[in-house]
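Input: a single structure, listed below in structure tokens.
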Amino acid sequence: MANKRLKFPHTFKRGSAQVKIYRYKRVRKKAQSRGTSYEEFSVAFYIGTKRKKENFSDFKKAILFAEMKAAEISRGEVDNAKFLGSDRLACGKALETLKPAKVDLNIAIEEYALAKRILGDYSIAEASRYFIRHHSEEISLRLLHTYLEKLFKRKPKLASAKSI
């Protein structure tokens, strides 16, 4: 059977992800090797709306990279957002701040944006203080209710401990 010749651009598909390999014939321009040509393989793919290209001198390496990149894109593992140093620090600090509250960053962002839309120029802390000031009786009754529930749940345990 004859060796099947590849047509370029060669396309790799994984799910909806598509990665192409282009072949270019290049000519060296340096004085020592003037006139010698070589092949270059360019792997092209999209991350979001941006087109990315990686160049390889070896076709096998280009194939491996293209397959890997197609799989990553189809699984959604490609890093869409490239953070600058300051953005990375801010994101890390936000995650650390939210950790004690056990709140997901996306949920916190959505709630914050909604609160800012509702409050306008007023701060969320100011609105929270106002709410507590005017609804503290309801909150204290809720706290008392939950405390009493916990107490009554523990009461049978206390009674059984006394009988021993």
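Consider only pairs whose beta carbons are under 7 Å apart and that are at least six residues apart or on different chains; among these, list those whose first residue lies in region 52-79 and is at pLDDT below 90 and whose second residue is in a helix (DSSP H, G or I).
Pairs found: Val78/Glu72.
Would you check which residues across region 114-129 are part of a helix (DSSP H, G or I) and either hydroxyl-bearing (Ser, Thr, Tyr) or under 19 Å from the mean Cα position of the chain (by Cα) (or both) and list them? Walk me through it before giving the result.
Narrowing region 114-129 to residues part of a helix (DSSP H, G or I): 114-119, 124-129.
Residue satisfying the conditions is Ser128 alone.
The values are calculated or read from the model by the stated rules, or taken from the named source; none is laboratory data. Computed from a prediction, not measured in an experiment: that's the story for all the values here. Glycine also receives a Cβ, built like all others from the backbone with ideal geometry; neighbour counts cover every protein chain displayed.
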